[in-house]
Each structure stands twice: as structure tokens, then as C-alpha cells.
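Participant: Can you keep this structure in mind? I'll have questions shortly.
What follows is calculated from the coordinates using simple rules that are stated; it is not laboratory data. Values in this document were obtained by computation on a predicted structure and should not be read as measured data. Cβ: placed from backbone, ideal geometry, glycine included. Neighbour counts: every protein chain shown.
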Amino acid sequence: MAAIWINQIVQGVLLGGLYAMFAMGLSLSIGVMQFVNIAHGDLIVLVSFLLLTLTSGLGLPPLLAAAITLPIAFVGGFLLQRLLLQRVLGKGVLPIILVTFGLSIIIQNGLLSAYGADTRKVAGGAIETATIPIGGGVNIGVLPFIIFLSAIVLIFALDRLLYHTRLGARIRAVSDDVATANLIGLKSARIYAVAMGVVGATIAISAAFMSVWTNFDPSSGPSRLLVAFEAVVLGGLGSLWGTLVGGVALGVAQAIGAQFDAAWQILAGHILFLVIFVIRPQGLFPRN
Amino acid sequence: MNASGTWLIAIGRLALILGAGVLAAAPFLFAPAQLQILTQFLSLLVIAIMWNLLAGYADIVSIGQHAFVGIGAYAFFAFAALAGVNPYLSLLLGGVTAFVFAVPIMLVIFRLRAAYLAVGSWVVAETLMLGAGKLSAFGGGSGVSVPISVVKAFGAQAAARYATIYWLAFALAALALVSTYLLMRSKVGIGLTAMRDNEEGAGSVGVNLIALRVLCFLWTAPFLGIAGGVITLQKLRVAPPASFSITDWTVYVIFIVVIGGIGSFEGPIIGAIVFFLIREYLAEIGLWHFILLGVLSIAVILVEPRGLWGLARRFVSDDLIPASFRPPRQPVMSARIASENAEAS
């Protein structure tokens, strides 16, 4: 009995790694551009479908497909910011929310008409079912474990990028005060676009892992957005390591909820979020 | 004010009055199928007016207002079908219930700043929808039909029932329009208009931004709740994904308001008409109508953020419905300045 619960909680922790990946891209885009990209989840699902086409349509191995989508997603993020989002930046939150909202609906229905409503998954090969027994009847899936480690590496890399590189300093400068940044000669539009390109890269990486580990369909985007948003807020806005803690908290809550009843899985995550948010609106690790 | 602009205003107001006249006589003019479409139109119009009040004026960009429609639907079912309360009274109690839920929901989501409030309100709506799926008295996740006895209370025959439901939707829409109009004409409306135009400025001249936000949020809840009951009478069923439908009560509503013109009294009305025209005539393009609406709303925000009405307003010299206060007209000012100049010299 205890082993079942421990198994569920371990699963939840590992699921939290995936949620943290969704969340760190969102966190970066919020921190840099001061808005919540409503289409964040839909972009993850869009890249997942791209991976599906590359693997099952063209027969490429999953790793190669992921390697191909990474630069595509970077350029996609860059262009999305440069050509669309930049035009509505600095005009208040309403236009940016409405534009990304419209984008979200376009992506969902575009995917629906291109791929149909079926639930999909990218075949990852033998790694999907491989497990490591850690004693006492508890098993860790190899793939979830790799995803969790990747999340940690990714957060570390993003943290280094933002706080220990020239590019990171520029991104933080334009996000703190765009007028002053422009005044000292920073090309803010370009820096925003590069930051969104980095967000695109995190989207590609999370999509690669998500599409192999979980099922998805064209309407999966909003649930990914909500869980990413919850992880960001729970962790404390702007805190990258906080998103990992937030993601793990949500993953564990969902895993425990699912143990009672499959239908409780998602609800348990939302309830945990609302309870912690009411008690601690600034999140667990608020920056500054 | 040029002559053509004045004419356009007159034509626009005439069209509005004619439209209202047709709607007021609709049960005598139209077949049940058309009447049902008009009922949907009026229900959606109510929700659009309320979303516009929040997003267009009070700076509360919510993506979770469908929660109140769902709460109203479930409350109507609870009172009318489970508790046996008079069905008409149950509709009103649906509005009261939505209001009661609005208070704690507001306390939670108002802790989030504007950009986060949108997704925060969505989380709350999602939680309530999933929670509604756990209520076994309401059929759990698959929902339950409204009992025949409750349905018959609105008319024994189908035709009479459609007319009754239409009148309910008509009364609700009229009440929503007139009361929101009066709200906009009151002192509150001045504050809201100031807030729409410049939030910081409004705050610095003494507009109580928080009080206005609270008022607007609580104002919309009962209307959405009653609309939920009226919608349930059309669908004859409560079910979590249908009663709390984000597509029907939030996505469409946002498109309606954005395309029609956010932050204007005319916007939701124009948007709802355009939306129903697109829906009726482009139904065969299926999913593409969503994509069309999405592209159209993004284009509107990029080209003319005040929507179709904002575009029309470039050629038309006045509001169709004078809901917002304006400073005294130019001639008055220049006349006074002229007289002051005359005195000075």
C-alpha cells in the first residue's frame, strides 16, 4: 500500500519537472515582456504536432526531429515577437492579451483542421517503458527521470544566461526599464525578439519531452498554459528555481488526486494552487 | 459637425430603433427556429455587454466570466428541479447565486495584477467547471436534463415555450442595456470613462479605481447568472462543459466585443450583429470561422483598437447611444473665450 503512494508521489515529482519546463518559458516571457502569453500552451502543442509529422510522417528518429524543431522554434519565437507582439507592446495589457488570445484560438483550430481531434503521441522507442527499480517496489521511469534532470539543467542554463551573460544583462535591462535601455543605446525590439526566441527554444524542448511522455490533441494547449501559469505564480513571479518547486507541488497534488479518482487529478492541482495562492499570493520564492 | 456625419448618425439611430422595434415584436414576426437564433443573440449580447464593461472600462480583462454563466445554470437547475422553487423565481435566484460566488472569486483574482488576472480568472472558472462535474445531483461529468415539469412551466406547447424563453432573454437584454446605460450616465460612469481613457490620470484626480472595479465585477455577476438560467432553458440540460463553455461564453464574447469595438457602448451590439451574420452565413466553413474570427480580431487590434465602431466613428460625428459624458462642445468654449477676449480688450 505504502509503495503505491510512494510510487504516485515519485511520479508526481517527475511530472513536476515537465511542468517546470512549460513554466520556465512562460516565466521568461512574463518577466521580460510583462505579459502572460495566452498562446504559450498552444505553441507547445503546435511544436508537438510538428514533431509528430517529422517522426511518424517523415520517419525521422525522435532525437533528430527534436534537433530540427529547436532552431525552427527559436526563429519562430523571434519572428512572432518582431512581427506581431512588438506592435502591441507598451500599449497596456489589453491589446497584448487579446492578440495572444486570438493567436491561441487560431492555433487550436488550425491544428484541429489539419490533424483532426484525435489524441496523439510521439513514439519514443524502448526508453518509454524502461524503469529503474529503487527498492521497496518503487520504480522510476527512465524517461520521466531524464525529463526531470533536463528541467534542472535547463533552469540552470537559463539562470546562467540571464544573470551571467551580456545578453542576459541586456534582456534584464529592457525588461526593467525599456525607455532607459533605449536611451543608453540598446536595441530593445531586437533584444525582446531574441528573448522570445529563447522562449521558443524552451517551448521546443518541453514539446519534445511532452509529446513522447503524454498524450496531446489540438485542444491541449490551454491546460498546459494553466499549469505553467500556476507553477510560475506558485514559485514566485520571476523566480526560475521557484517554477521547479511550483511544478513539483502541482505534479504531486495531481498524482495524489489521481490516486483517489482519475477525475480528481486536474482538479487537485487547481485546488492546491488556489489554496496556496490565497495564503501566499507572492508565491513561495518571490524575487526581490 | 459636418452634414454627412449628422445624416449618418440619424440613419444609425433609426436603424437601432427599428432593430429594437423588430426585437420587441419578434414572437409575432418569426418562426420558432428564427426565434431561437434571436434568443441566442440576446443571451450572447448580455454577456458581451458585461465583458465590455469589465475589459473595456474597468480594466478587468477576465477570461473566466463563463464561470458565472455556469453557476447561474447550475443554480437555476438546483432551485427549479431539485428544490422545487418556482422556475421564474429560480432564474432570479441563479443571478443571486452568481453574485454570492462573485464575492470570494473577486477576493482571489483581484490579488493578481492585470496581466495575470486574465489567466487567474480562467483557473478559477476551470476549477468550478471541474467541481461541477463532481456533483452527483447534477449528473456528474455528463450532466442531466431539465425535468419536463420545469420545462412545461414556461409553456405547455413548444411554440409558446419558445416565445416565453424569448421574452425572458429580451427582458434580460433590455434590463442589461438600460441599467448599464444609466450606470454609464451616472457619476460612476464618469469615473469609468476617465479610467478607460487614462487610468493613472483618473486615479490622480480622485477616481476610486478599486471601488469602481469592485462595483463593475459585482454588477456583471447577476446578469451572467440569469443569462445562464435562460441559456439552460434553451439547451434543456446542464452539463459542465456546456454550461461552463469557455468557447460560447468567453471566446465568442471576446471576439464580439473586440471586433465591434471595446470600450464603447455600441461595440458589443455591433459585434454581436456581425458575429451572428458570420455564424449564420459562414456556418459551412466549419472550423475556419474560428480562424477567421481570430485573424479579424488581431487585425482589429493592430489597425483600429476601438473596433468597427471606432472605425465608423471616424466618419460619424457622435455616439449612436450617448452613454458617456463629454466635455462641453468646442463652439461653447470658443464662444466663451471670445467673450472673455472681448471683455479684456
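Participant: I need to check one value: relative contact order of chain A, counting alpha carbon pairs closer than 8 Å and at least 6 residues apart, in percent.
Facilitator: After rounding, I find 37 percent.
Participant: Can you give the helix-only mean residue ellipticity at 222 nm for chain A, where every DSSP H stretch with n ≥ 4 adds -39500 (n - 2.57) and the sum goes over all residues, rounded to the nearest 500 deg cm²/dmol?
Facilitator: It lands at -24000 deg cm²/dmol.
Participant: With charges set only on the Cβ (+1 for Lys and Arg, -1 for Asp and Glu), what does the dipole of the protein assembly as shown come to about its Cα centre, in debye to the nearest 20?
Facilitator: Here the protein assembly as shown has a charge dipole of around 460 debye.
Participant: Please check: in the Gaussian network model of chain A (C-alpha springs, under 10 Å), which one of A:Thr100, A:Thr243, A:Thr129 has the largest mean-square fluctuation.
Facilitator: A:Thr129
Participant: Here is a further query. Given a 10 angstrom Cα cut-off, can you work out which residue in A:Ile171, A:Ile134, A:Ile147 is the most mobile in a GNM of chain A?
Facilitator: Maximum among the listed residues: A:Ile134.
Participant: Where q = 0.09, 0.11, 0.13 Å⁻¹, what log10 of I(q)/I(0) comes from the Debye formula for the stretch B:3-335, counting one point per Cα?
Facilitator: -0.48, -0.72, -1.01
Participant: Follow-up question, since we're still on this one. Sort A:Ile276, B:Ile321 so the one with the fewest other Cβ atoms within 10 Å of its own Cβ comes first.
Facilitator: Going from sparsest to densest Cβ surroundings: B:Ile321, A:Ile276.
Participant: Ranked by Cβ crowding within 10 angstrom, fewest neighbours first, how are B:Asp59, B:Asp319 ordered?
Facilitator: Placing the least packed residue first, the sequence is B:Asp319, B:Asp59.
Participant: Follow-up. Projected area of chain A, taken from the Cα convex hull and averaged over every viewing direction, in nm²?
Facilitator: 15.7 nm²
Participant: Could you tell me, in Å, what Rg and Dmax come out for the Cα atoms of the stretch B:1-110?
Facilitator: Both quantities, over Cα of the stretch B:1-110: 18.9, 61 Å.
Participant: Further question: Rounding to the nearest 10 and keeping the result within 0 to 90°, find how far the Cα-based axis of helix B:330-344 lies from the longest principal axis of chain B.
Facilitator: In chain B, helix B:330-344 runs at an angle near 30 degrees to the longest axis.
Participant: In which sequence would A:Ser211, B:Ser90, A:Ser175 go, from the one with the fewest C-beta neighbours within 10 Å to the one with the most?
Facilitator: Arranged by neighbour count, lowest to highest, A:Ser211, B:Ser90, A:Ser175 become A:Ser175, B:Ser90, A:Ser211.
Participant: Are there trypsin sites (Lys or Arg not before Pro) in the stretch B:132-213 that DSSP puts in a loop and that have at most 15 other Cβ atoms within 10 Å, and which ones?
Facilitator: Of the trypsin sites (Lys or Arg not before Pro), the ones in loops of the stretch B:132-213 whose Cβ has at most 15 other Cβ atoms within 10 Å are B:Lys134.
Participant: A follow-up question, please. Go ahead and set up a Gaussian network model of chain B, Cα springs under 10 Å, then flag whichever of B:Gly261, B:Gly203, B:Gly64 fluctuates most.
Facilitator: Evaluated over chain B, the most mobile residue of the options is B:Gly203.
Participant: Something else about it: Run through the stretch A:85-160 and list the trypsin sites (Lys or Arg not before Pro) located in a DSSP loop whose Cβ has at most 15 other Cβ atoms within 10 Å.
Facilitator: Answer in residue order: A:Lys91.
Participant: Let me ask you something else. I need the shape label for the stretch A:162-230. Rule: rounded when a/c is under 1.5, else prolate if a/b > b/c, else oblate, with a, b, c from the alpha carbon gyration tensor.
Facilitator: Because a/c hits 1.5 or more and a/b exceeds b/c, the stretch A:162-230 counts as prolate.
Participant: Can you compute the radius of gyration and Dmax for the protein assembly as shown, using only the Cα atoms, both in Å?
Facilitator: Final numbers for Rg and Dmax: 26.2, 101 Å.
Participant: What are the ³J(HN,Hα) values, in whole Hz, obtained from phi via the Karplus relation 6.51 cos²θ - 1.76 cosθ + 1.60 with θ = phi - 60°, for each residue of the stretch A:90-98 in sequence order, with x given for Gly and Pro?
Facilitator: Couplings: x, 10, x, 7, 4, x, 5, 5, 5 Hz.
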